[in-house]
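One structure is given below, encoded as structure tokens.
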Amino acid sequence: MYFVYIIKNPKGNYYIGYTKNIAERIKRHNKNRSNFTKNKGSWTLIYKESFLNKSDAIKRENYIKSQKSKKFIESLFNSQRGGGVVPRGSHKPKTLVQFQSPQQASNAGVAQG
């Protein structure tokens with residue numbers, strides 16, 4: 001399983017990425033082992049989507065990044081605060097996606113900075 005994730009730092013900056021292991025990836029961001037997020041504060045997981053294959057995860061990551069909008073990013077996690085499974089639209093990979101709020105991520109034991 002692969003994940004597209006969005007993390008946020010205390011200054012309100014967002015980072016979008018994909019990974020196979022979210023907990024390990026968040027740790028790497030917070031230990032300054034990622035060039036883009038290095039020395040930009042602690043990062044908190046605010047959103048994630050699950051995919052069965054890497055190709056769909058990369059397509060979704062690129063789609064989210066192509067929006068170039070904080071408003072779009074915030075609409076993703078604001079509209080899904082309660083979690084749930086949502087089918088994809090035609091412009092997105094045809095995969096069921098598990099949305100997770102920051103509270104759900106915390107309850108699942110994911111490191112958050």
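Modelled with pLDDT of 85 or more and polar (S, T, N, Q) - does that describe any residue in the range 73-83?
Yes.
I'd like to know if the range 66-77 contains one or more residues that are in contact (Cβ under 8 Å) with a residue 12 or more places away in the chain, in a loop (DSSP other than H, G, I, E, B), surrounded by fewer than 12 Cβ atoms within 10 Å (Cβ to Cβ) and not charged (D, E, K, R). Before the answer, list the steps.
Looking only at the range 66-77, we keep the residues that are in contact (Cβ under 8 Å) with a residue 12 or more places away in the chain, and these are 70, 73, 76-77.
Narrowing the set further to residues that are in a loop (DSSP other than H, G, I, E, B) leaves none.
No, every residue in the range 66-77 fails to be in contact (Cβ under 8 Å) with a residue 12 or more places away in the chain, in a loop (DSSP other than H, G, I, E, B), surrounded by fewer than 12 Cβ atoms within 10 Å (Cβ to Cβ) and not charged (D, E, K, R).
Residues to consider are 8, 48, 70; find the one that is at negative phi, modelled with pLDDT of 50 or more, touching a Ser or Thr at 6+ places or on another chain (Cβ under 6 Å) and among the basic types (Lys, Arg).
Values: 48 fails: touching a Ser or Thr at 6+ places or on another chain (Cβ under 6 Å); 70 fails: touching a Ser or Thr at 6+ places or on another chain (Cβ under 6 Å).
Going through 8, 48, 70 in turn, the sole match is 8.
The values are calculated or read from the model by the stated rules, or taken from the named source; none is laboratory data. As the structure is a computational prediction, the values presented were derived from the model and not from experiment. Ideal geometry is used to build each Cβ from the backbone, glycine not excepted, and the neighbour counts take in all protein chains shown.
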